[in-house]
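The numbers here are math on the coordinates, done by the rules we state, and not lab data. Predicted model only: the values in this text are computed from it and were never measured. We place every Cβ from the backbone using ideal geometry, glycine too, and count neighbours over all the protein chains shown.
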């Protein structure tokens with residue numbers, strides 16, 4: 001039971017003194033054990049080389065943008081992969097042939113595992129790699145460190161070459177693929193164009209204009225037909241009010257006159273139109289029918305009688321009839337024209353539809369072609385960059401690996417030295433009994449001071465009695481102290497002797 | 001004559017409080033001075049047996065015993081003090097003999113150590129009594145008188161009652177009527193006598209509990225790093241509030 005920290009310190013010392021025999025035993029055994037360990041502690045030698053990785057060489061700024069420098073980001077990890085692979089194993093086994101040749105495969109594996117364990121690869125700066133080898137034999141440490149370094153350098157350079165070559169061939173292959181695609185789309189476009197002549201956005205506008213024109217023409221013709229029909233109705237009304245025959249106009253003469261009028265009109269039309277023109281055909285028909293009528297007159301009795309009676313045809317009636325016939329002809333001509341125009345309009349419309357389809361297909365083909373062309377151009381550029389990068393690596397200009405510090409045969413061993421053991425052994429074994437006493441005092445529930453006893457509830461405490469020291473006790477205590485000092489001196493002397501032997505051994 | 005006596009008192013007690021003594025006290029002193037002292041221990045012997053004396057260099061130790069003496073002898077009617085402990089080797093005998101020695105510093109008081117530790121007791125060795133009769137002999141042999149079992153200690157005004165040679169620890173000696181008559185006689189032999197019983201551990205031995213019947217006060221010695229609070233509380237319960245004067249922390253490491 002401890003009430004304050006100072007008590008704990010005092011009690012620690014008291015308890016240690018109380019158990020001094022155990023403490024002395026502990027000190028002797030611990031210090032001798034540490035001494036024994038230090039005597040048998042193997043001396044380890046480490047040989048290491050430092051490699052500087054320079055990626056920012058003179059070419060980088062010169063080729064900025066056109067060549068991509070291949071970089072090795074985590075140098076140490078990369079180096080580890082290189083120096084620990086199968087190739088490295090064979091390389092190192094070739095060097096250590098004498099050691100390896102008698103080993104079985106399993107032993108070889110263990111041997112390599114051992115080499116790997118003793119090898120350390122680390123980044124010591126942003127672009128510095130340290131490759132070290134640890135061994136009990138300084139010469140072997142140097143040999144392995146040096147060879148692993150050489151291996152790393154040669155393999156790094158090769159790997160970079162391989163990497164850029166792979167990049168180049170990949171991009172080149174891609175460029176080839178796109179070249180083929182581009183050719184294909186070019187051909188498709190050419191073929192479509194030749195199959196759909198005039199099927200372009202410009203001709204679409206022409207067709208639209210034509211459709212509008214035809215529609216306008218149909219509308220105009222419709223108006224003209226209406227007009228002609230109204231005129232016909234008017235003449236028909238007039239005709240019903242007029243007498244067909246008037247005095248002294250022989251029927252023959254009338255027909256003759258009419259034929260001549262028609263002939264004149266026919267001649268006029270022929271000057272402008274071909275014989276197939278509908279008006280000409282109609283006029284010809286009329287002339288023919290009049291001539292037939294003429295030839296029939298002589299044979300017709302009825303007519304003879306009427307002629308003989310001296311009756312003549314009404315001239316107004318005649319004129320109206322002529323006009324009616326003219327309008328009829330015009331009406332027929334107009335209707336024919338409307339029919340033909342409608343047909344033309346139908347044709348133009350289907351043509352417009354065709355053109356629209358063709359334009360859509362054309363647009364798609366053009367798009368494919370443009371896309372392929374752009375990608376192909378980009379790939380060509382990249383291929384050239386890759387080619388330059390590859391050439392840089394082939395010429396060993398991409399990344400320089402330079403040995404900054406050559407692996408040398410180490411003179412001083414690393415790790416725990418005798419002095420560390422000596423300090424640890426002496427101080428540690430001296431402090432251990434105190435430490436144990438301290439620990440035990442901290443957890444001990446028993447009373448070790450008057451003050452602590454006074455804290456107990458309801459317990460009257462009269463006071464404390466200190467030790468009664470007499471001469472014999474003092475003699476015993478002094479003897480103990482002398483004995484402890486003697487033991488300490490002996491142990492220190494032992495350490496000194498062993499240290500001296502170690503120094504002699506090193507020299 | 002008186003001058004010489006005064007000087008002698010001053011020399012042995014060292015507390016020089018002679019002139020405050022009243023007439024009654026002077027008569028005690030005269031009576032006590034008649035106590036037979038055939039041999040006095042030298043300082044070397046006292047040192048060897050770890051018995052305090054006023055000139056001891058370790059005055060702190062002497063003063064602490066003086067304080068215990070003062071508080072334990074404040075009431076003259078409670079003059080039988082039993083010193084006990086929880087475990088063996090707790091320094092009970094050391095405390096008991098030095099408490100007795102400190103009481104004996106006072107010329108008007110006498111002290112007696114009663115060794116109730118059975119055969120394990122060391123009182124006869126400390127005070128070089130040898131194989132002389134003690135409590136057990138007094139109880140087993142009716143011929144032996146009280147005077148035969150009380151021995152000189154080699155310290156002025158301090159007498160010793162050893163355990164004796166016959167009988168065993170388990171013989172119910174302390175519950176024997178003769179033990180009670182022995183205690184009554186020695187209590188009244190001198191008017192200001194203090195009896196210190198060097199008792200066995202209270203939790204281990206029934207004897208200590210039996211002895212509580214004959215004592216007026218109980219002091220519990222708690223040695224360095226030996227007893228837990230449960231044990232101390234158990235001991236305090238056994239002793240009871242009425243007779244329990246208090247605990248003494250013994251720093252001596254052994």
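Taking every residue in B:46-52 and counting other chain Cβ atoms within 10 Å of its Cβ, the average works out to 3. Principal-axis analysis of the Cα atoms of chain A puts helix A:5-18 at an angle of about 50° to the longest axis.
Rounded, prolate or oblate: which fits the range A:1-49, taking a ≥ b ≥ c as square roots of the Cα gyration tensor eigenvalues, rounded meaning a/c under 1.5, else prolate when a/b beats b/c? Cα axes put the range A:1-49 in the oblate bin. Relative contact order of the range B:113-254, taken over Cα pairs closer than 8 Å and 6 or more residues apart, is 23 percent.
With the cut-off at 1.5 for a/c, could you classify the range A:313-468 from its C-alpha gyration tensor as rounded, prolate or oblate? Please report the intermediate quantities before stating the final value.
Working: a/c = 16.23, a/b = 2.91, b/c = 5.57.
Judged from the Cα gyration tensor, the range A:313-468 comes out oblate (a/c at least 1.5, b/c at or above a/b).
Each residue, residue A:22 and residue A:454, gets one label point 7 Å from its Cα in the Cβ direction; the gap between the two is 3.0 nm.
The Kirkwood hydrodynamic radius of the range A:437-507, based on inverse pair distances between different Cα atoms, is 17.2 Å. For chain A, the longest principal axis of the C-alpha atoms and the axis of helix A:105-118 are separated by about 80°. Below 8 Å between Cα atoms, with a sequence gap of 6+, how large is the relative contact order for chain A in percent? Relative contact order for chain A comes out at 36 percent.
Kindly identify the range A:399-490 as rounded, prolate or oblate by the Cα gyration tensor criterion: order the square roots of the eigenvalues as a ≥ b ≥ c, call it rounded if a/c is under 1.5, otherwise compare a/b with b/c, prolate if a/b is larger, else oblate. Walk me through the numbers on the way to the answer.
Working: a/c = 7.73, a/b = 2.21, b/c = 3.50.
Verdict is oblate for the range A:399-490.
Note on the range B:115-175 and the range A:22-54: Cα centroid distance 66 Å, given to the nearest whole angstrom. Beta bridges per DSSP, both residues in the protein assembly as shown: antiparallel share near 45 percent.
Label point of residue A:295 set 7 angstrom out along Cα-Cβ; within the range A:263-286, amide nitrogens under 16 Å from it belong to A:285-286.
For chain B, the relative contact order comes to 25 percent (Cα pairs under 8 Å, sequence separation of at least 6). The mean number of Cβ atoms from other chains found within 10 Å of a Cβ in peptide A:453-462 is 6, as a whole number.
The fraction of all Cα pairs in the range A:113-170 landing in successive 10 Å bins from 0 to the largest distance is 20, 40, 26, 12, 2, given as whole percents.
Between the C-alpha center of the range A:75-130 and that of the range A:372-439 there is a gap of 15 Å. Packing order of peptides A:287-296, B:224-233, highest average first: B:224-233, A:287-296 (average count of other Cβ atoms within 10 Å over each peptide's residues). Relative to the longest principal axis of the Cα atoms of chain B, the long axis of helix B:2-13 makes an angle of roughly 30 degrees.
Within 10 Å of each Cβ in A:439-451, how many Cβ atoms from other chains are there, averaged over the peptide?
4
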